[in-house]
Amino acid sequence: MNVPLTTAALLLLTMAMLLLRTFWSTLPYRLRFGLLIVCVFLVLLQGFFSAAKWGTISDKLNILIYWLAVAAYELLVLLFTRMSPKWLTSLSAVILLAPVFAASIVLPLGELFDPATYTKVPMGNHFFYEVKPWNNPGEGNKGVDLIVSYRPPIAPFLRHKVRIIPFNNRECDTNGATAVAFPSTKTVLGRCPRWPAEPAGTVDKVFPL
């Protein structure tokens, strides 16, 4: 994940929102009103997606919505600085914008620059999972997350993340990690084969759906 690239893109986005704030009063009233409605909608939509673990079936679209929501949030905060007293609203804006550059925001935004595509493996009963690798250079460890999601038949363009099953290379060969859903018992099994040098078998993890 390219953190410097993501941070640079986020800074450019912030500068663009600051420029839009500067020329806000020159925009037609209808355009300003429409932008405000769109900004509020995007922030609320992303808030719902994050809280309820819903999203679209497309990973890239989810990240794009996330970027747009961040831009909308920044614009709303910057427009707040147009109110009086300016010293107080400006100080408040700095405090409200600072968390945007935290790792918890920057790292997910970086997925927009991830060229990899993740195959969706069907599990039956409208469940599927994706295998997403991760790397922790500081601890010299890496592995995968099996992200199990539900795709409602009445809205197949949406998905609900129900479980994340982590495996790391210290416990098993994550290249062969798979998942199996058991809707009747409302459980999901994550299975990862042991390394060839270890005794035969698998590392199994069972979680509720």
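If I histogram all Cα-Cα distances within the stretch 1-87 using bins 10 Å wide from 0, what percent of pairs lands in each bin?
Values per bin, smallest distances first: 16, 42, 32, 10, 0.
So which chymotrypsin sites (Phe, Trp or Tyr not before Pro) in the stretch 103-162 end up in coil per DSSP with only 14 or fewer other C-beta atoms within 10 Å? Could you put the intermediate results ahead of the total?
Working: sites: F113, Y118, F127, F128, Y129, W134, Y150, F157; in loops: Y118, F157.
Hits after loop and neighbour filter: Y118, F157.
Amide H to amide H under 5 Å from L209: which residues, 5+ apart in sequence or cross-chain, H placed 1.01 Å off N in plane?
Under 5 Å from the amide H of L209 lie the amide H atoms of T187, V188, each far enough along the sequence or on another chain.
Based solely on C-alpha atoms, express the radius of gyration and the Dmax of the chain in angstrom.
When restricted to Cα atoms, the chain yields Rg and Dmax of 21.3, 71 Å.
If the elastic network links every pair of Cα atoms under 10 Å, which of T187, T119, T26 fluctuates the most in the Gaussian network model of the chain?
Among T187, T119, T26, the largest mean-square fluctuation in the Gaussian network model of the chain belongs to T26.
In whole angstrom, how long is each semi-axis of the equivalent ellipsoid of the stretch 115-163, when you take the square root of 5 times every eigenvalue of its Cα gyration tensor and sort them from largest down? Let's see the in-between values first.
Values: eigenvalues 144, 21, 15 Å².
Equivalent-ellipsoid dimensions as semi-axes: 27, 10, 9 Å.
For L158, which sequence-distant residues (separation of 5 or more, or a different chain) have an amide H within less than 5 Å of its own amide H, given hydrogens modelled in the peptide plane?
I57
Output the lone cysteines of the chain: those with no second cysteine's C-beta under 4.7 Å from their C-beta.
C39
In whole Hz, what ³J(HN,Hα) sequence does the stretch 177-192 give by Karplus (6.51, -1.76, 1.60; θ = phi - 60°), x for Gly and Pro?
5, 9, 9, 9, 9, 10, x, 5, 9, 6, 9, 9, 10, x, 10, 9
If you only keep lysine pairs separated by 8 or more in sequence, or across chains, how many in the chain come under 26 Å at the Cα atoms?
Step by step, the pairs that qualify in the chain add up to 24.
How large is ³J(HN,Hα) for each residue in the stretch 34-46, as worked out from phi by the Karplus curve 6.51 cos²θ - 1.76 cosθ + 1.60 (θ = phi - 60°), to whole Hz, x for Gly and Pro?
Computed from phi, the couplings for the stretch 34-46 are x, 5, 5, 4, 5, 4, 4, 4, 5, 5, 5, 5, 5 Hz.
Please compute, for the alpha-carbon atoms of the stretch 54-151, the extent along each of the three principal axes and give them in descending order in Å.
57, 35, 21
Cβ under 13 Å from S25's Cβ, S25 left aside: what net charge do those residues give with Lys, Arg +1 and Asp, Glu -1? Walk me through the numbers before you get to the answer.
Values: positive: R21, R32, R82; negative: none.
It works out to a net charge of +3.
Note the angle between two axes, namely the Cα long axis of helix 86-97 and the longest principal axis of the Cα atoms of the chain, as a number of degrees from 0 to 90, rounded to the nearest 10.
10
How would you rank T22, T174, going from fewest to most other Cβ atoms within 10 Å of each one's own Cβ?
Details: T22 10, T174 22.
The fewest-first ordering by Cβ neighbours comes to T22, T174.
Taking trypsin sites (Lys or Arg not before Pro) as candidate sites, keep only those in a DSSP loop with at most 16 other Cβ atoms within 10 Å, then name the longest stretch of the chain containing none of them. Kindly include the intermediate steps, with their values, before the conclusion.
On the way: sites that count: K53, R82, K120, R170, K186, R194.
After excluding every exposed loop site, the longest remaining stretch is 1-52.
Values quoted throughout were computed directly from the atomic coordinates according to the rules given, and no laboratory measurement underlies them. Since the model is a prediction, treat every value here as computed from it, not as a measurement. Glycine also receives a Cβ, built like all others from the backbone with ideal geometry; neighbour counts cover every protein chain displayed.
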